[in-house]
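Let me begin by presenting the structure, written as structure tokens, before commenting on it.
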Amino acid sequence: MNDHDDGPQAQAADSPRQRDATLIGVGRALAEAASVEEVFKAVGSLDSPEFPLDGMAVFDVTEKWLSLLGRYGYRSGHGRTVRMPITTDHPATEVLRTGHAVYVPTVEEYRERFPTTWRLAARKGSLSWAFLPLVSTGRITGVWLVAFVDRVDFDSGMRNTLLTLAQLISHALDRARTGEAELALSRGLRSSMGRGASEYHGMTVASRYVPTGGGQLVGGDWYDVIDLPSNRLALVIGDVQGHDLRAASLMAQLRTAVHAYAAEGHGPDAVLSRTSRFLTSLDEDRFATCIYIEADPASGTLHVARAGHPHPVLRMADGTCLTKHIKGGLPLGLMPDEDDYPVNVMVLQAGEIMMLCTDGLIETGGRDMHTGWARVREAMSPGPTGDLEGMADRLIQSVAGPVTENGEERPTPRNEDDIALLMLRRDTSTQQPVRPVRRVLITIEQDQAEGLAEARSELRALLHDWGQSDLVDTAVLLASELLGNVLVHTDQAAVLIAAVSGEPGRHTLRVEVSDSGDELPHQRTPGELASSGRGLVLLDILSDQWSVRPESEGKTVWFELTEEPGPSPDPAADPDPPPGTAR
């Protein structure tokens, strides 16, 4: 053990953030530890003036005995096997009797509390000790002894650190007990999702998988990228309920099933409906969420189906981020006879990025969906679109790195959900440079009234940098009127295309709402108490210009609004709700 020149209490008080940051790294190492030796090696990396380790031991618990499972002392090395009756007057047996940790800050206190066994510890030269329960499935399965070369008073910060480490060690030892076969399964599944950036002649894909919690190296979260005929590809992301070996096993089987159905040539809706029935045949008590995308890299066209999964995020070429609302069905396995997984068609423009993730990216760190979405937007918005890997790293770091609260950093909790991340970028060719235009397309069916709220949300996100809030309200009002007219006065679906062009401060918005109905709208003069008939009147009064354009099938009503230079938008405003919600 290294010598420590400064008092450990002063060092611990001065550097709690450094200790917490180190604890995050130890937690990651423990997540991959496959043996007692690797557990000790991971915890041993904490040795520092703030954490003056002298040695460690883990006792296994049987009905009558405490058996030494492993010992690691920086000065004494590995020791012989020790077995101690649970009736012995010892701190470890007190942990078993009470279920609580035992902290012994001095040799004098050790001698006073445990007079028959204190000499065994004191002769090794340690000055402070902690004995903590290792809990698995609600019962104490072991005791962790950690000894310190300097005196430690075990303040609340140190106790929290030790309790956290005890939980992580318990998880690591549980994995070791499950056997090499299960660990190999977990590592193999994770390795199969370890692909980095890949290019597909017009699109680039980046991916990440991060196990943030639980004892396994992989849980129920997964992603996949599948090569399809005609230079197409499928992107899949999903999350099986639970975080245990059963969830990992079901995830592996679902990945295989999705891959097989995609290879057979089924469309996104058929892939999800077949996978839902397959999951039910495996386990009637579990469900899974999923998004399946069939992409054509040459044209940027995406066919998207969603089964209860969080909505994707669309980042436009200028950094604008919005939740892309995707119509979908129930999670897989809930109602296996339900085949309603509508296929959404959209086109990625050059430089645009579609981000798919599991809810661990949004909610890890004690965030709700709203604040989690704000964190995602902050990580995705800056930087060039060309650095897709860097953007993926920022997203993961925003979750896996320290959390800042009230100006201070604390470690991210390690007992939360895993994270799967997929990012798809439409690449920019030299022949077709990116134009400063951002665009959304939304289709609202007659039986999907909630689409109005989603359309308003996406339109507000599209206009996030407009300095005139009243002009944004006007745009949302006019678009709502046009969409409402289609849904109320026809039996057709309404298709909205909104595009923003121009420079900041002088943007132009063009909104087009189309339907396949034959009757053209007519401007009327509604009475004072009339409940309808004001849509075209409002267009005439509030828009810069508007018109009605007959189509080969149906019609299109469009309007334009031009932004005038004004004050900068409020940076604290959050116009877009979190993924998976509607305003």
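The values are calculated or read from the model by the stated rules, or taken from the named source; none is laboratory data. Predicted model, so just to flag it, every value in this text is computed and none were measured. Cβ sites come from the backbone with ideal geometry, for glycine too, and all protein chains shown count toward neighbours. Remember, those area values only see protein heavy atoms, side chains included, never the ligands or the DNA or RNA. Shrake-Rupley method; radii C 1.70, N 1.55, O 1.52, S 1.80 Å.
Assorted remarks:
- Positions within segment 42-64 being over 35 Å from the mean Cα position of the chain (by Cα), among the hydrophobic types (A, V, I, L, M, F, W, C) and either part of a loop (DSSP other than H, G, I, E, B) or surrounded by fewer than 16 Cβ atoms within 10 Å (Cβ to Cβ) (or both), in sequence order: none
- Against the conditions (1) in contact with a helix residue (DSSP H, G or I) (Cβ under 7 Å, 6 or more places away or on another chain); (2) more than 21 Å from R438 (Cβ to Cβ); (3) modelled with pLDDT under 50; (4) not hydroxyl-bearing (S, T, Y), G535 satisfies every one except (3).
- Single unsatisfied condition, V36 versus (1) surrounded by fewer than 17 Cβ atoms within 10 Å (Cβ to Cβ); (2) at pLDDT below 80; (3) touching a Leu at 6+ places or on another chain (Cβ under 9 Å): (1)
- Among all positions in segment 397-411, there is no residue which is modelled with pLDDT of 80 or more, out of contact with any Leu (no Cβ under 6 Å at 6 or more places or on another chain) and among the aliphatic types (A, V, I, L, M).
- Search result, residues across segment 81-99 that are assigned to a helix (DSSP H, G or I), open to solvent by 30 Å² or more (accessible area, probe 1.4 Å) and among the hydroxyl-bearing types (S, T, Y): T98
- Among residues of segment 117-136 that are in contact (Cβ under 8 Å) with a residue 24 or more places away in the chain and on the phi > 0 side of the Ramachandran plot, those with a beta-carbon under 8 Å from a residue that is open to solvent by 10 Å² or more (accessible area, probe 1.4 Å) and not in a loop (DSSP other than H, G, I, E, B) at least six positions away or on a different chain give the pairs G125/D54.
- Output for segment 454-481, where each listed residue is assigned to a helix (DSSP H, G or I) and open to solvent by 20 Å² or more (accessible area, probe 1.4 Å): E454, R456, R460, S469, D470, L471, D473, T474, L477, S480, E481
- Test for V313: is it at pLDDT 90 or above, in contact with a strand residue (DSSP E or B) (Cβ under 8 Å, 6 or more places away or on another chain), open to solvent by less than 10 Å² (accessible area, probe 1.4 Å) and not acidic (D, E): yes
- From the list G502, G517, G451, G484, the one residue that fits, being open to solvent by less than 40 Å² (accessible area, probe 1.4 Å), more than 27 Å from V343 (Cβ to Cβ) and small (G, A, S), is G502.
- Considered as a group, the residues in segment 106-130 that are farther than 25 Å from A166 by Cα and not in a helix (DSSP H, G or I) include one that is modelled with the lowest pLDDT, and that residue is R123.
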